[in-house]
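*Asks:* Attaching a single structure in structure tokens format; questions to follow.
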Amino acid sequence: MKNIYIGIVVASDRASQGEYEDLSGHAIIDTLKEYLQSEFTPIYRVIPDEQKEIEATLQQLADINKCCLIVTTGGTGPALRDVTPEATENVCERMLPGFGELMRQVSLQYVPTAILSRQTAGIRGQALIVNLPGKPKSIRECLDAVFPAIPYCIDLIEGPYLECNEAVIKAFRPKK
Amino acid sequence: MKNIYIGIVVASDRASQGEYEDLSGHAIIDTLKEYLQSEFTPIYRVIPDEQKEIEATLQQLADINKCCLIVTTGGTGPALRDVTPEATENVCERMLPGFGELMRQVSLQYVPTAILSRQTAGIRGQALIVNLPGKPKSIRECLDAVFPAIPYCIDLIEGPYLECNEAVIKAFRPKK
Amino acid sequence: MKNIYIGIVVASDRASQGEYEDLSGHAIIDTLKEYLQSEFTPIYRVIPDEQKEIEATLQQLADINKCCLIVTTGGTGPALRDVTPEATENVCERMLPGFGELMRQVSLQYVPTAILSRQTAGIRGQALIVNLPGKPKSIRECLDAVFPAIPYCIDLIEGPYLECNEAVIKAFRPKK
């Protein structure tokens, strides 16, 4: 059985300078622990909103640390310092527009400003990279919506087999 | 307090040649006057469906006229002369796919051909550019759906503060 | 009256090597025969998941065979051999993101893994190219959703006039 490594990337100028404590990255790790029955090792990074640095971090987590899943938080809005989607697109070989569409649709049920999010997802080698919003509450809403598709996606890119805690979330794998 | 300039660009071969009177651009101005409590100066342009000319007009409205918001109407279909989304993408530094997704979803409630629209939105400097459909009825449906997110978007790109007429439309600004 | 040619492209390594019989392409032809009152000639191709070969096939069907509509099946997932959307984008002059958005939304009603599909659509010259999923059941769900917009789209790119069997599916053409 393959080891499961999951990267968590917090893109935030202020958190990376210690101006405030990151809550979002920890919220993601807690949620993943609730979701997954499989043991996994989280690899956690807090970095500034610099496109080159986000790209280098994503590449390292995918290529060197062999993460099958990398989730980012922060940097997906319309402001000048928001560059996470650009970094994601630059390091991915193929994009999965359905993730962003569904996350915006879900967030729209709560706030009309959901359309300002540029969240996306894509594949780099054997890693699925998914952008999440910055706020813990929105993170959970988005993860609940897209996670059921993630284990099968990782099967398709020949990553490790993720088993979910079915009382919390149901992974969907189509019958062959 | 900053002055508020809003660009309205009508892309239409026939309207620009005087073959018929533009209704769509005027419908947009009327709607914006209903929406906004803040005083604003509309800057109105009627131009042919030429990509280079649309690009130059958008650039001028953003960079020279300092519009914080530019709305276009027309030229978003699948026909050969429909080039407004291409022009928009070429002059924007970042795209906001959520606008197009939501506008198509709203229009789909009325007509199945809504999926033929290639409407998009993006940011150029301190201007938000939004493509609207060509027909006054669809314009209003789309604006009603996306406008609640626009004042906050303009806050995020450091433009002027837009105040809405809350009896007509509610701008949403998340609490810090 | 123009002759109507419709291309059906099955992208599948295994079906193209005769490892199994293609069901999806035939399901598409059957569905189109149900939909269309107009006579049409299907042009059917089964090819491997090779991007260059898919591109060449789409180009030939559009430019040489004068298909007004080309539908593909297969190759739209996240796996390495899934390259149909890339091939489609490479040969199209303009993309129609609304098709993919609607098809994913419809498929989401059945399976949460619908967000893994990268299906898209676009225009090459006077041909509309639409990616469909690989499985016959999903094909029908997607076609039922997007087909009502297809005859008008083909009008707009100056193709032949498609008449639908209204008891099965209703094409929508806006009144001028």
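*Asks:* Out of curiosity, is residue C:115 under 25 Å from residue B:117 (Cβ atoms) and part of a strand (DSSP E or B)?
*Replies:* Values: under 25 Å from residue B:117 (Cβ atoms): yes; part of a strand (DSSP E or B): no.
No; evaluated as a whole, the condition is false for this residue.
*Asks:* Could you list, in sequence order, the residues of segment B:1-31 that are out of contact with any strand residue (DSSP E or B) (no Cβ under 6 Å at 6 or more places or on another chain) and in a helix (DSSP H, G or I)?
*Replies:* Of everything in segment B:1-31, those that are out of contact with any strand residue (DSSP E or B) (no Cβ under 6 Å at 6 or more places or on another chain) and in a helix (DSSP H, G or I) turn out to be B:13, B:14, B:26, B:27, B:30, B:31.
*Asks:* Same structure again: Filter segment C:61-91 for residues that are part of a helix (DSSP H, G or I) and more than 15 Å from the chain's Cα centre (by Cα); which is surrounded by the most Cβ atoms within 10 Å (Cβ to Cβ)?
*Replies:* Initial filter on segment C:61-91 (part of a helix (DSSP H, G or I)): C:61-64, C:84-91.
Keeping just the survivors that are more than 15 Å from the chain's Cα centre (by Cα) gives C:63-64, C:90.
Numbers: C:63: 14, C:64: 8, C:90: 16.
That would be C:90.
*Asks:* Could you check segment A:75-89 and list, in sequence order, the residues that are touching a residue at least 12 places away in the same chain (Cβ under 8 Å), aliphatic (A, V, I, L, M) and within 11 Å of another protein chain (Cβ to nearest Cβ)? Before you say what the answer is, go through the steps one by one.
*Replies:* To start, the set of residues in segment A:75-89 that are touching a residue at least 12 places away in the same chain (Cβ under 8 Å) comprises A:75-78, A:81-89.
If we keep only those that are aliphatic (A, V, I, L, M) as well, we get A:83, A:87.
Selection gives A:83 alone.
*Asks:* Under the condition of being touching a Cys at 6+ places or on another chain (Cβ under 9 Å) and in a helix (DSSP H, G or I), which residue from segment A:151-176 is farthest from residue A:94 (Cα to Cα)? Explain how you work it out, then say what you get.
*Replies:* Within segment A:151-176, the subset touching a Cys at 6+ places or on another chain (Cβ under 9 Å) is A:151, A:154, A:157, A:159-160, A:162, A:170-171.
Subset that is in a helix (DSSP H, G or I): A:151, A:154.
Working: A:151: 18, A:154: 14 Å.
Applying the filter and picking the extreme gives A:151.
*Asks:* I'm trying to understand the selection: among the residues of segment A:98-157, which are surrounded by 24 or more Cβ atoms within 10 Å (Cβ to Cβ), more than 20 Å from residue A:10 (Cα to Cα), within 12 Å of chain B (Cβ to nearest Cβ) and among the hydrophobic types (A, V, I, L, M, F, W, C)?
*Replies:* Answer for segment A:98-157, where residues must be surrounded by 24 or more Cβ atoms within 10 Å (Cβ to Cβ), more than 20 Å from residue A:10 (Cα to Cα), within 12 Å of chain B (Cβ to nearest Cβ) and among the hydrophobic types (A, V, I, L, M, F, W, C): just A:115.
*Asks:* Can you go through A:41, A:88, A:57 and tell me which one is touching a strand residue (DSSP E or B) at 6+ places or on another chain (Cβ under 8 Å), of a type in the set (Ser, Thr, Tyr) and within 30 Å of residue C:98 (Cα to Cα)?
*Replies:* Working: A:41 fails: within 30 Å of residue C:98 (Cα to Cα); A:57 fails: within 30 Å of residue C:98 (Cα to Cα).
Within the list A:41, A:88, A:57, the selection yields A:88.
*Asks:* Another question about this same structure. Would you say residue B:47 is surrounded by fewer than 24 Cβ atoms within 10 Å (Cβ to Cβ) and over 27 Å from residue C:157 (Cα atoms)? Reasoning before the result, please.
*Replies:* Working: surrounded by fewer than 24 Cβ atoms within 10 Å (Cβ to Cβ): yes; over 27 Å from residue C:157 (Cα atoms): no.
So residue B:47 fails the test.
*Asks:* Then there is this: Yes or no: residue C:104 in contact with a helix residue (DSSP H, G or I) (Cβ under 7 Å, 6 or more places away or on another chain), charged (D, E, K, R) and assigned to a loop (DSSP other than H, G, I, E, B)?
*Replies:* no
*Asks:* Would it be correct to say that residue C:163 is surrounded by fewer than 24 Cβ atoms within 10 Å (Cβ to Cβ), at positive phi and of a type outside the set (Phe, Trp, Tyr)?
*Replies:* Details: surrounded by fewer than 24 Cβ atoms within 10 Å (Cβ to Cβ): yes; at positive phi: no; of a type outside the set (Phe, Trp, Tyr): yes.
When the stated conditions are applied, residue C:163 does not pass them.
*Asks:* Could you check segment A:15-44 and list, in sequence order, the residues that are crowded, with 16+ Cβ neighbours inside 10 Å and at pLDDT below 95?
*Replies:* Of everything in segment A:15-44, those that are crowded, with 16+ Cβ neighbours inside 10 Å and at pLDDT below 95 turn out to be A:15, A:16, A:22.
*Asks:* Just wondering, is there one or more residues in segment A:118-133 that are in a helix (DSSP H, G or I) and at pLDDT 95 or above? Spell out the reasoning first.
*Replies:* Applying the first criterion (in a helix (DSSP H, G or I)) to segment A:118-133 yields none.
Within segment A:118-133 (the criterion being in a helix (DSSP H, G or I) and at pLDDT 95 or above), the answer is no, since none of the residues qualifies.
*Asks:* Further question: Checking the conditions here, which among C:53, C:93 is more than 14 Å from chain B (Cβ to nearest Cβ) and at pLDDT 95 or above? Please lay out each step first, then the result.
*Replies:* On the way: C:93 fails: more than 14 Å from chain B (Cβ to nearest Cβ).
Step by step, each of C:53, C:93 is checked, and only C:53 is more than 14 Å from chain B (Cβ to nearest Cβ) and at pLDDT 95 or above.
*Asks:* Still on this structure, please answer the following. For residues in segment A:166-176 being out of contact with any Ser or Thr (no Cβ under 6 Å at 6 or more places or on another chain) and within 9 Å of another protein chain (Cβ to nearest Cβ), which is surrounded by the most Cβ atoms within 10 Å (Cβ to Cβ)?
*Replies:* Just the residues of segment A:166-176 that are out of contact with any Ser or Thr (no Cβ under 6 Å at 6 or more places or on another chain), to begin with: A:166-171, A:173-176.
Checking the rest, the ones that are also within 9 Å of another protein chain (Cβ to nearest Cβ) come to A:170-171, A:173-174.
Working: A:170: 12, A:171: 24, A:173: 13, A:174: 9.
Residue satisfying both the conditions and the ranking: A:171.
*Asks:* Ok, one more. Away from chain B (no Cβ under 14 Å) and either of a type in the set (A, V, I, L, M) or in contact with a Leu (Cβ under 6 Å, 6 or more places away or on another chain) (or both), is that true of residue C:71? If you could, list the steps in order and put the result at the bottom.
*Replies:* On the way: away from chain B (no Cβ under 14 Å): yes; either of a type in the set (A, V, I, L, M) or in contact with a Leu (Cβ under 6 Å, 6 or more places away or on another chain) (or both): yes.
It is true that residue C:71 is away from chain B (no Cβ under 14 Å) and either of a type in the set (A, V, I, L, M) or in contact with a Leu (Cβ under 6 Å, 6 or more places away or on another chain) (or both).
The values are calculated or read from the model by the stated rules, or taken from the named source; none is laboratory data. Keep in mind that this is a model prediction, so the values were computed, not measured. So basically every Cβ, Gly included, is an ideal-geometry build from the backbone, and we count neighbours across all protein chains shown.
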